[in-house]
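Inspection log for the structure reproduced underneath, given as structure tokens.
Laboratory data are not the source of any read-out in this text; all were calculated from the coordinates shown. Everything numeric in this text was worked out from a predicted model, so none of it was measured. Every residue, glycine as well, gets a Cβ built from its backbone with ideal geometry; the counts of neighbours run over all protein chains shown.
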2 protein chains.
Amino acid sequence: MPHIRIMDTTLRDGMHAMAHQFTPEQMAQVGAALDEAGVDVIEVTHGDGLAGSSFQYGFAAATDEEYLKAVAATLKRAKLAALILPGIGTCEDMRTAVKAGVKVFRIATHVTEADVSEEHMGLAKEMGTEVVGFLMMSHTVGKEKIAEQAKLMESYGADVVYVVDSAGAMIPSEVKEKVSYLCSVLKVPVGFHAHNNLGLAVGNTLAAVDAGATVVDGTLRGLGAGAGNTCTEVLVAALKKAGYKVDMDLYKIMDAATTLEPMMRRPQVIDNSSIILGYAGVYSSFLLHTYRAAEKFRLDPRDILLELGRRKIVGGQEDYILDVAYEMAQKKNIMVG
Amino acid sequence: MPHIRIMDTTLRDGMHAMAHQFTPEQMAQVGAALDEAGVDVIEVTHGDGLAGSSFQYGFAAATDEEYLKAVAATLKRAKLAALILPGIGTCEDMRTAVKAGVKVFRIATHVTEADVSEEHMGLAKEMGTEVVGFLMMSHTVGKEKIAEQAKLMESYGADVVYVVDSAGAMIPSEVKEKVSYLCSVLKVPVGFHAHNNLGLAVGNTLAAVDAGATVVDGTLRGLGAGAGNTCTEVLVAALKKAGYKVDMDLYKIMDAATTLEPMMRRPQVIDNSSIILGYAGVYSSFLLHTYRAAEKFRLDPRDILLELGRRKIVGGQEDYILDVAYEMAQKKNIMVG
């Protein structure tokens with residue numbers, strides 16, 4: 001059975017569930033426990049990556065540099081990673097991150113916009129770091145489009161390209177189809193990042209490795225926005241059970257989850273909003289806008305989310321939610337009137 | 001795509017997470033919401049089935065008859081079911097249950113002991129109810145053994161036979177192998193009941209229906225012992241997303257979960273004990289005995305659970321846990337001495 005690398009993003013994607021308020025000391029504690037358990041890569045930053053700390057995305061309790069340095073100081077074996085979304089983080093932020101100890105950049109774009117990662121990937125390669133390409137919202141397009149965009153990232157120097165199920169909207173058969181096709185067209189390894197909106201984070205991740213992915217993501221206790229991510233310690237148990245080689249100690253990764261637990265603001269569960277977001281295939285950041293639009297136009301917010309999913313709305317189109325709700329309200333009035 | 005029946009066991013398997021303390025009024029509220037959402041079958045009793053209320057299994061807040069009557073009075077469309085474990089519940093309990101409104105009996109045995117269900121299945125058929133056979137701990141034996149035992153149940157009159165992953169120990173490939181084999185040898189439909197110890201309750205249930213199962217279980221919010229069950233409202237979303245026909249309203253089943261939520265004692269999450277139980281393939285009822293044995297012999301309880309899993313310990317062998325721990329302690333002393 002193949003060897004599976006795990007990249008843990010408790011200290012990045014998990015930041016969403018913490019309103020970006022981990023302290024550097026807490027990050028150091030969790031990072032040390034992850035390192036001790038044998039995690040290969042530990043991702044650290046604001047939830048929205050380098051320079052995410054802002055009025056728009058929420059201010060973090062410390063700077064990315066402070067977080068990265070705090071975790072870097074505790075690592076004996078794991079590689080430190082930072083996420084960057086071109087447009088939010090800059091090349092300058094990447095240089096600062098490397099000085100703070102980053103050895104892996106995970107560079108994320110919408111699944112149809114891989115071209116915006118070229119400059120950042122070039123810089124990452126130039127600085128000698130590992131480069132991971134992250135194709136977000138991969139549920140919105142077919143396997144050929146994902147492959148085309150992944151090949152772009154590969155041509156820019158990506159060492160791994162991820163299929164990212166940002167909205168937790170995929171089912172195992174879809175994951176298998178997309179990942180296996182990607183494996184057949186790329187020279188570099190394929191990764192998979194899940195969310196748990198439909199209760200399928202672990203199931204989809206197993207489907208991904210069965211289809212040929214060799215790098216997968218998790219967070220301790222599933223910590224993450226909404227329904228959260230694949231739970232790292234559960235995933236390690238499931239992968240070992242399925243016979244995959246994982247260089248991690250099951251007891252120690254469970255201990256790392258015990259270290260995290262008292263820092264959590266709430267248990268990570270799947271609430272009704274998360275289910276609808278996953279079912280509709282819509283980003284969790286649209287939730288608040290949708291509730292506002294629903295109130296304004298006296299609509300069921302669930303209906304709006306389903307309509308947004310059908311229209312494949314993407315990040316940056318938040319104003320469009322009001323237009324959609326207005327249109328729906330008009331149609332409803334005509335029908336009842 | 002095939003039509004999938006859902007049997008909800010919030011008011012039976014979920015009783016474990018409530019220390020069997022649902023009130024009949026609470027059960028009636030939840031039952032009405034499940035009925036309104038279009039659930040096909042609603043299972044009600046003590047967590048360990050008819051007559052489970054006892055010193056050994058824990059006393060419930062009311063009698064099974066009171067629970068069954070309270071829920072029966074609210075149902076407009078769903079069929080009322082009761083679980084019975086031969087040896088705990090008796091034929092007399094079944095007669096009382098039918099008078100209280102039961103239309104479906106789910107008769108459960110260890111996966112190698114189907115023969116103890118013959119009398120109860122016969123009585124259930126005689127009383128004109130639907131009969132479901134429940135093969136517990138199906139992860140402990142191979143597909144041929146499951147098929148042999150399932151065919152026994154079929155010969156006793158079972159209308160459906162379930163593969164039951166009592167310890168949440170299965171992975172999707174195993175579920176597919178066992179369920180598809182069972183479908184190929186039985187004339188009656190095959191069911192699947194999951195637990196979420198390895199985060200795979202929804203993933204395994206999708207694997208089961210992909211392999212031919214047409215009847216599956218869930219509980220609202222995953223309410224159940226340890227890591228809990230397949231979450232019904234999440235499962236409905238996942239099944240619809242996968243294209244299966246499900247006669248249930250997604251909004252209304254989410255509303256039913258909202259009805260249940262304030263009654264819950266704790267959010268349903270996967271803790272470290274649940275992970276080890278699933279990884280080891282051991283019943284959650286062994287946990288307390290294991291902690292006691294670990295303390296007595298100064299062992300790591302996780303090591304004991306893994307050893308119990310290797311030895312395939314079954315219910316009723318609780319005393320054996322001390323023997324195993326003693327043996328492990330002896331071996332450890334020899335090794336360190």
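Observations on the structure shown:
- DSSP bridge pairs, chain B: antiparallel proportion in percent, nearest 5: 5 percent
- Greater than 19 Å apart at Cα, pairs in A:LYS79/A:LYS99; A:LYS69/A:LYS245; B:LYS296/B:LYS332; A:LYS103/A:LYS178; B:LYS125/B:LYS187: A:LYS69/A:LYS245; A:LYS103/A:LYS178
- Annotation: amide H-H contacts under 5 Å for A:LEU11 (H modelled 1.01 Å from N, sequence separation of 5 or more, or interchain): A:GLU43.
- The mean count of C-beta atoms from other chains within 10 Å of the C-beta of residues in B:240-247, rounded to a whole number, is 2.
- Rounded to 5, percent antiparallel among DSSP beta bridges of the protein assembly as shown: 5 percent
- Exposure here means at most 14 other Cβ atoms within 10 Å; with chymotrypsin sites (Phe, Trp or Tyr not before Pro) in a DSSP loop as sites, the longest stretch of chain B lacking them is B:60-337.
- Between B:GLU126 and A:ARG311, the C-beta separation translates, for a Förster distance of 60 Å, into a calculated FRET efficiency of about 0.60.
- MRE, 222 nm, helices only [DSSP H, n ≥ 4, -39500 (n - 2.57), over chain A, to nearest 500]: -13000 deg cm²/dmol
- Amide hydrogen neighbours beyond the local backbone of B:LEU83, cut-off 5 Å, H modeled: B:VAL44, B:LEU50, B:ARG106
- Compared with the dominant principal axis of the Cα atoms in chain A, helix A:143-155 is inclined by about 40°.
- Across chain A, the longest run free of exposed loop sites, meaning trypsin sites (Lys or Arg not before Pro) lying outside DSSP classes H, G, I, E and B with no more than 15 other Cβ atoms within 10 Å, spans A:78-186.
- Percentage relative contact order, chain A, counting C-alpha pairs under 8 Å, at least six apart: 16 percent
- Cα-centre dipole for chain B with unit charges at Cβ (Lys and Arg positive, Asp and Glu negative), debye to 20: 580 debye
- Whole-Hz couplings from phi, Karplus 6.51/-1.76/1.60, listed for the stretch B:63-76; x for Gly and Pro: 7, 4, 4, 4, 4, 4, 5, 4, 6, 3, 5, 9, 7, 9
- Set of the stretch A:95-133 residues, backbone N closer than 16 Å to the point 7 Å along the Cα-Cβ line of A:VAL185: A:111-115
- For the protein assembly as shown, size of Cβ-based charge dipole, Lys and Arg +1, Asp and Glu -1, in debye: 360 debye
- Separation between Cα centres of the stretch B:167-246 and the stretch A:256-324, rounded to whole Å: 26 Å
- Computed from point charges on the beta carbon alone (+1 for Lys and Arg, -1 for Asp and Glu), the dipole magnitude for the stretch B:191-293 about its Cα centre is near 180 Debye.
- Annotation: extensible slack from A:THR112 through A:LYS76 equals 9.2 nm (criterion: 0.36 nm per residue apart, minus Cα-Cα distance).
- Estimated from the Cβ-Cβ distance and a Förster radius of 22 angstrom, the FRET efficiency linking B:ARG292 and B:PHE55 is about 0.75.
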